[in-house]
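Readers should treat all values here as calculations from the given coordinates under stated rules, not as data from a laboratory. Source: prediction; values computed, not measured. With ideal geometry, Cβ positions are generated from the backbone for all residues, glycine too; neighbour counts draw on all protein chains shown.
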Amino acid sequence: MHKQLINEAIINLIIEPDGPILIKAGESGADPTRPDMEFVRTHYDGKETIYLPGSSLKGILRSHCERIARTVDNKERRVKRGGQALSCNPLEEGTQKERKDFSCNKYFEAKKDEIQKAVKGNEQTSRGAEIYRRSCFVCQMYGNTALSSHIQITDAYPVEVDKVVTEARSGTAIDRIYGSVLPGALFQFEVATQGTFKTEIYIKNFTTSQLGLLALALRDLQMQRIAIGFAKSRGLGRVKANVESVLVRYPSGTFWPIENGNVYGVGALPCETNGYGFREDDSVTVADVKYETDDWGSMSAELKGMDKGQPIYNLWTACLERWGKIVCAE
Ligand SMILES: [Zn+2]
């Protein structure tokens with residue numbers, strides 16, 4: 001699958017703090033009693049600045065997608081779909097797909113030989129296809145130890161470095177075990193309170209139902225239902241987010257029957273994707289989509305506008321219907 005590039009979507013996202021936020025330098029510093037916590041920094045545009053690392057943003061989006069998926073999943077649905085979970089729990093130990101403690105990572109560790117056997121001499125599938133098809137829905141997007149991610153998120157840098165405002169705050173340290181305040185233990189931490197950060201979410205070889213789940217997570221980010229970074233339980237991490245544009249692109253689109261008004265998931269395009277379990281009917285109708293062809297065989301359409309009835313809104317809600325079909329095991 002990674003040897004082909006069938007379709008891709010690039011989502012431009014703007015994030016602004018709505019109150020203090022902190023993404024700590026040094027991921028190892030998860031100890032809330034540790035003093036003097038600083039924001040992660042880099043050089044950008046010739047100046048030193050704080051930024052929001054893409055890996056953190058991806059982790060936040062993934063865990064929110066997992067939360068949404070687990071909320072609507074149940075054993076009945078999993079059995080109906082041949083055991084495919086909407087989201088596994090990467091931290092669990094289970095290898096039985098219909099169970100709640102199912103972890104794709106553990107499953108693939110246990111099923112190495114079985115997968116090798118299924119693939120050997122079988123023209124209809126490959127190792128990559130078997131692993132993809134047997135992975136849970138969220139791992140199919142974000143990857144696991146056996147499967148690389150189809151989603152990348154770039155570091156979010158300030159649109160204007162000079163407009164970023166950071167402040168020092170102090171807080172009382174909390175005992176990690178008892179949850180009580182440690183007497184006299186004040187610590188300093190740095191927060192960002194103002195700034196506009198820009199990032200790009202890139203998803204390749206997507207299905208429209210995957211765009212649907214991603215749209216749900218982005219909507220929740222926009223509705224301020226997801227906090228980011230450190231000390232969320234103390235009210236830090238509130239952000240405002242806005243999707244500026246979505247570009248849908250098919251690098252070899254001129255060879256395919258691609259029509260305006262449609263967005264095509266990977267299964268709907270005439271490519272060799274045997275064994276992956278893609279749906280051939282994977283397209284949605286979005287009237288605003290008008291493709292442009294470049295001189296290199298690629299076709300792409302850019303959508304703007306997130307308000308009700310506007311192009312991105314229409315794309316998201318059409319894809320959401322496809323996600324609904326997955327949830328209902330249709
Ligand atoms: Zn999984």
Grab the eigenvalues of the alpha-carbon gyration tensor for the range 59-114, scale each by 5, take roots, and send me the semi-axes largest first in whole angstrom.
19, 15, 8
Can you pull the Kirkwood radius for the range 192-240, inverse mean 1/r over Cα pairs, to one decimal in Å?
12.7
Considering only 254, 312, 301, whose Cα is most displaced toward the positive end of the charge dipole of the range 205-330, charges sitting on Cβ of Lys, Arg (+1) and Asp, Glu (-1)?
312
Which order do the peptides 204-212, 276-284, 92-100 take when ranked by the mean count of other beta-carbon atoms within 10 Å per residue, highest first?
204-212, 276-284, 92-100
Given the -39500 (n - 2.57) contribution per DSSP H run of 4+ residues, what per-residue ellipticity at 222 nm results for the chain, rounded to the nearest 500 deg cm²/dmol?
-8000 deg cm²/dmol
Hey, how many Å between the Cα centroid of the range 268-310 and the Cα centroid of the range 63-114?
29
Return one number: the angle in degrees, 0 to 90 and rounded to the nearest 10, between the long axis of the Cα atoms of helix 208-222 and the longest principal axis of the Cα atoms of the chain.
20
Neighbour counts of other C-beta atoms within 10 Å: give me 148, 135, 56 arranged from fewest to most.
148, 56, 135
To test your reading of the geometry: what angle, between 0 and 90 degrees and rounded to tens, separates the Cα axis of helix 311-327 from the longest principal axis of the chain?
70
Out of residues 5 or more away from residue 303 or on other chains, whose amide H comes under 5 Å of its own, with H placed 1.01 Å from N in the peptide plane?
246, 247, 248
Under 8 Å for C-alpha pairs, at least 6 residues apart: give me the relative contact order for the chain, rounded to a whole percent.
26
Once you treat every alpha carbon in the chain as an equal point and sum by Debye, what is log10 I(q)/I(0) at q = 0.07, 0.08 Å⁻¹?
-0.33, -0.44
Considering the zone a paramagnetic label at residue 4 would reach in this model (a point 7 Å from Cα along the Cα-to-Cβ line), which residues of the range 240-260 have amide N under 16 Å from it?
250-258
Only four residue types carry charge here, +1 at the Cβ of Lys and Arg and -1 at the Cβ of Asp and Glu. Report the dipole size of the chain about the Cα centre in Debye, rounded to the nearest 20.
1180
Provide, for q = 0.10, 0.14, 0.15 Å⁻¹, the log10 of I(q)/I(0) from a solvent-free Debye sum over equal Cα point scatterers in the range 99-241.
-0.60, -0.92, -0.97
How big is the dipole moment of the range 276-328 about its Cα centre under a simple scheme where the beta carbon of each Lys and Arg is +1, that of each Asp and Glu is -1, and everything else is neutral? Debye, nearest 20, please.
320
Using the structure shown, select from 204/304; 24/240; 80/308; 100/304; 97/204 the pairs with a Cα to Cα distance greater than 30 angstrom.
80/308; 100/304
If we count other beta carbons within 10 Å of each Cβ, what is the order of 3, 24, 290, 240, fewest first?
3, 290, 240, 24
Report the residues of the range 233-247 in range of a label on residue 152: point 7 Å along Cα→C-beta, backbone N strictly under 18 Å from it.
247
